[in-house]
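Here's the structure we're looking at; comments come further down.
The values are calculated or read from the model by the stated rules, or taken from the named source; none is laboratory data. Small disclaimer: the values here were computed from a predicted structure and weren't measured. Because the Cβ atoms are built from the backbone with ideal geometry, glycine has one as well, and the counts that use them run over all protein chains shown. Keep in mind that these areas ignore ligands, DNA and RNA; they rest on the heavy atoms of the full protein, side chains included. Shrake-Rupley method; radii C 1.70, N 1.55, O 1.52, S 1.80 Å.
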Amino acid sequence: MANQNDKTDVSEGQIAAHWKEEEFIFPTTGFVGQANMADPNVFERFGEDNYPECFREYADLLSWDQYWHTTLDSSNPPFFNWFVGGKLNASYNCVDRHLEKNGNKVAFTWVSEIEEEPDRVISYRELWVMVNEFAALLKDFAGVKTGDRVTLHMPMVPELPVTMLALARLGVTHSQVFGGFSGSACGDRIVDSESHILITSDAYYRSGTLLDHKSKADEAVEQAKKGGIEVKKVLVWQRYPGKSSTSTAMKNSRDYYVNDIIGKYRGHRVEPISLPADHPLFLMYTSGTTAKPKGCQHSTGGYLAYVTGTTQYYQDIRPEDVYWCMADIGWITGHSYIVYGPLSVGASSVLFEGVPNYPDPGRPWRIAERLGVNIFHTAPTTIRMLRKAGPDEPAKYDYNFKHMTTVGEPIEPEVWRWYYDVVGKGKAAVVDTYWQTETGGFIGTTLPALEPMKPGSCGPGALGIVPVILDDDGNKIEPGSGKAGNVCMSNPWPGRMQTIYGDPDRFVDTYYGKYAKKDSKKWEDWPYVTGDGGTQGEDGYIRVVGRVDDVINVAGHRLGTKELESAALTVSEIGEAAAVPAFDELKGRVPELYVSLKPGVDSSEIESLVKGAISTIIGPIARPSEVWITSDLPKTRSGKIMRRVIASISNFVDVGDVTTLANPEVVEEIKEHVQSAKFKSGNVPKDLPESMKKEIERFGED
Ligand code: PRX
């Protein structure tokens, strides 16, 4: 990472000062009257004086086989251990415990992307049957055991939560890879997690097309083999049970359709295994500053307690509500706030296979109207897209939201207002939830009945969490000073990841390396570093401005610049590559790739080769919007590529002083080439947000 002090001529304070403080907006009395948490005493209960015991309140929402004796063991920072001595099973908590009173309650209403297809409505009892039968198959046919890891590469079908819960029932750690990722990205994650079983699907719909998914499993197994891991069995769920929807062949003695073998396990029941609170429930891979994705390992007890508590208080799901989170279960939002949190509180949720704008941008509102959805949960990128494609659509439908969540990226106040006024019809409470794959659940947000909304700011720290903004020297930036800095959390909380799977040193270094007093055994000396830049108002509300590390947040999905660059470098003609974020009105950021070629190679196919390589190696979401071929990349005298300089060019920001570079002359040449092409295509940002300028200044070099 570059030291930003050497290269900024605008101070953080000056940048922050450009922002207008937004007015508070209060929830309706109707919302407050029905809310799960409208008792102001909750702030005292979760106050610093009651830390860490306050988190008992969340853990007490679970059913424990054995109660814990120590709420927080912080003796070996930063490996904090919650609810020590406690035993439980996540599958039991999400399914079995609801049977007695709510067996017939709807757990999921699955909605196909194809509007004419019927819904699949699954009660808690039916979910229990499916989970048990699949757990029996996993144990007997696939031979999995408590402590193993199993990789999933599944789309948005009910069989995905069934698979997760069946594995959790057996104490097997699941690692679901986002279905849109490529087979080779899945293969790398199989290797890292040392999984010998892959569970996938034959096909799924995307924008009206039935995509073959089985072919990705073959690629994943191949890739895993290169990394030294043999996948022994591939279990394939069918999009249409009993019928194959793929033309990719099944490999004998390796690939099995679940529907061909599940019949043998009809009526089988599997006892949920009672597991220690710190038993790893799942891994979720996320991008970082190196090409190798990090397997964030989440615990059973701490994680489940945290997502259950936050679902109850912040998502405000009540027994009669219909909740719909549009995220994909392949991301952390889906794990925490489609599967584990909502099922643990016994919610009725909508599960949607498709994209929000197919066949038209009225689709989400038709689903909401038809199914009576009253709690809605989505990301700024989707809100922007729906606003652009159908700004007047919501008014045409008769649905009634009481609560709406936004997650994944900073939301612009203007976009926030459309969400509030048009989608929420001025009645729904908006909850801007700030968190990360690593944090397990919300860390910055308003408690909807008790804390007013402020467009563009997520809110204060979540209950029991104390955020602090630190400057690069570790000094606290006082709330209200208008200065931006590094967003950190002062204290541990139960939802935080336990470690990076297989790499505890990287865990310590990434999240604690910057400020921790390494010799100290006190948790107070170990602030958690989010990797985000932000400011804190006098009211304690946090405004996240973007990443401070080399991560690009594309439509709410994190992509590491190194991952993009190493994928581009698989194109043999390329000598050097650098990935930078460019501002995009809908997706927030899109990646652009700058490449220089090896001498004497033909440049005509490079753009499509690079785009193709990145789509194949990572997945279509990572596909760069532009590939710029340059004679050389700007470098420091020690040979580091100055990503900040090319990011400035891509975004029409002043490149600053480049005279100290080893090759300052290329800067003008690249600028001329890139900006004239962008002018020609009309791809010039009209009004670049201050946060984007800030992100560019912080952008790394190496
Ligand atoms: O930069 C922050 C941004 O998304 C990052 C986390 O991404 P990921 O691990 O993929 O998890 C996304 C879903 C939780 C954060 O470091 N981010 C997430 N939520 C918000 C946000 N930025 C601003 N406001 C948010 N509400």
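Here are the numbers for the structure shown:
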| quantity | calculated |
| --- | --- |
| Hits in region 447-487 - residues which are in a strand (DSSP E or B), over 20 Å from E697 (Cβ atoms) and out of contact with any Asp or Glu (no Cβ under 8 Å at 6 or more places or on another chain) | G461, P467, V468, K476 |
| Scan of region 108-131 for residues that are without any contact (Cβ under 8 Å) to a residue 40 or more places away in the chain, under 12 Å from F352 (Cβ atoms) and of a type in the set (A, V, I, L, M, F, W, C), ordered by number | none |
| Selection count, region 350-383, where residues are assigned to a loop (DSSP other than H, G, I, E, B) and not charged (D, E, K, R) | 12 |
| Exclusive hit being within 24 Å of L210 (Cα to Cα) and either charged (D, E, K, R) or surrounded by fewer than 20 Cβ atoms within 10 Å (Cβ to Cβ) (or both), set G354, G362 | G362 |
| Per-region count, region 17-42, residues free of Cβ contacts under 8 Å to residues at least 12 places away in the same chain and part of a helix (DSSP H, G or I) | 3 |
| Leading residue by the ranking (farthest from the ligand (Cβ to nearest atom)) among those in region 413-429 that are within 17 Å of T445 (Cα to Cα) and either at pLDDT below 95 or part of a loop (DSSP other than H, G, I, E, B) (or both) | A428 |
| Among residues of region 511-566, those that are touching a residue at least 60 places away in the same chain (Cβ under 8 Å), more than 18 Å from K294 (Cβ to Cβ) and not in a loop (DSSP other than H, G, I, E, B), counted | 11 |
| Considering residues of region 116-170 that are closer than 27 Å to G372 by Cβ and β-branched (V, I, T) only, the residue most open to solvent (accessible area, probe 1.4 Å) | V121 |
| One residue from P452, P460 being over 30 Å from R363 (Cβ atoms), more than 14 Å from the ligand (Cβ to nearest atom) and in contact (Cβ under 8 Å) with a residue 60 or more places away in the chain | P452 |
| Sole exception among (1) over 19 Å from the mean Cα position of the chain (by Cα); (2) within 13 Å of the ligand (Cβ to nearest atom) for Y337, by number | (1) |
| A327 being within 16 Å of Q176 (Cβ to Cβ) and buried (at least 20 other Cβ atoms within 10 Å of the Cβ) | yes |
| Filter result for L386 (over 18 Å from T310 (Cα atoms) and in a strand (DSSP E or B)) | no |
| Whichever residue in region 645-702 is in a helix (DSSP H, G or I), free of Cβ contacts under 8 Å to residues at least 24 places away in the same chain and among the acidic types (D, E) and, among such residues, is farthest from R543 (Cα to Cα) | E665 |
| Residue count for region 175-201, restricted to those that are within 19 Å of L351 (Cα to Cα) and crowded, with 24+ Cβ neighbours inside 10 Å | 5 |
| Cβ-Cβ under 9 Å pairs, at least 6 apart or on other chains, region 397-420 side under 23 Å from G334 (Cβ atoms), far side open to solvent by 30 Å² or more (accessible area, probe 1.4 Å) and aliphatic (A, V, I, L, M) | Y399/L371 |
| Residue in region 535-568 that is surrounded by the most Cβ atoms within 10 Å (Cβ to Cβ), counting only those that are within 13 Å of the ligand (Cβ to nearest atom) and among the acidic types (D, E) | D550 |
| Residue match in region 662-678 (condition: under 30 Å from S184 (Cβ atoms) and of a type outside the set (K, R)) | yes |
| Condition check for M284: within 16 Å of the ligand (Cβ to nearest atom), closer than 30 Å to I114 by Cβ and either surrounded by 24 or more Cβ atoms within 10 Å (Cβ to Cβ) or not small (G, A, S) (or both) | yes |
| Filter result (part of a loop (DSSP other than H, G, I, E, B) and within 13 Å of the ligand (Cβ to nearest atom)) within region 290-334 | P293, Y314, M326, A327, D328, I329, G330, W331 |
| Pairs with Cβ under 7 Å, 6+ apart, first in region 340-366 and within 23 Å of T308 (Cβ to Cβ) and modelled with pLDDT of 95 or more, second open to solvent by 10 Å² or more (accessible area, probe 1.4 Å) and part of a helix (DSSP H, G or I) | V345/Q312; G346/H98; G346/N102; V350/L371 |
| Residue list for region 384-412, restricted to those being away from the ligand (no atom under 12 Å from the Cβ) and touching a strand residue (DSSP E or B) at 6+ places or on another chain (Cβ under 9 Å) | R384, L386, Y399, F401, K402, H403, M404 |
| Count of residues meeting criterion [within 19 Å of the chain's Cα centre (by Cα) and open to solvent by 10 Å² or more (accessible area, probe 1.4 Å)] in region 445-455 | 0 |
| Residues of region 493-510 satisfying the condition of being open to solvent by less than 50 Å² (accessible area, probe 1.4 Å) and part of a helix (DSSP H, G or I) | R506, F507, V508 |
| Flag if A568 is in contact with a strand residue (DSSP E or B) (Cβ under 6 Å, 6 or more places away or on another chain), within 22 Å of G179 (Cα to Cα) and small (G, A, S) | yes |
| Residue ID - farthest from the chain's Cα centre (by Cα), chosen from residues in region 430-444 that are outside any loop (DSSP other than H, G, I, E, B) and over 16 Å from A368 (Cβ atoms) | V431 |
| Some residue of region 574-597 being buried (at least 24 other Cβ atoms within 10 Å of the Cβ), touching an Asp or Glu at 6+ places or on another chain (Cβ under 9 Å) and farther than 20 Å from I670 by Cβ | yes |
| Residue in region 502-532 that is nearest to D550 (Cα to Cα), counting only those that are touching a helix residue (DSSP H, G or I) at 6+ places or on another chain (Cβ under 6 Å) and within 16 Å of the ligand (Cβ to nearest atom) | V529 |
| Flag for I621 being touching a helix residue (DSSP H, G or I) at 6+ places or on another chain (Cβ under 8 Å) and either open to solvent by 40 Å² or more (accessible area, probe 1.4 Å) or not in a loop (DSSP other than H, G, I, E, B) (or both) | no |
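This table checks each residue for (1) part of a loop (DSSP other than H, G, I, E, B); (2) open to solvent by less than 50 Å² (accessible area, probe 1.4 Å); (3) over 30 Å from P272 (Cβ atoms).
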residue: E44; (1), (2), (3): no, no, yes
residue: R56; (1), (2), (3): no, no, no
residue: L62; (1), (2), (3): yes, yes, no
residue: T71; (1), (2), (3): no, yes, no
residue: N76; (1), (2), (3): yes, no, no
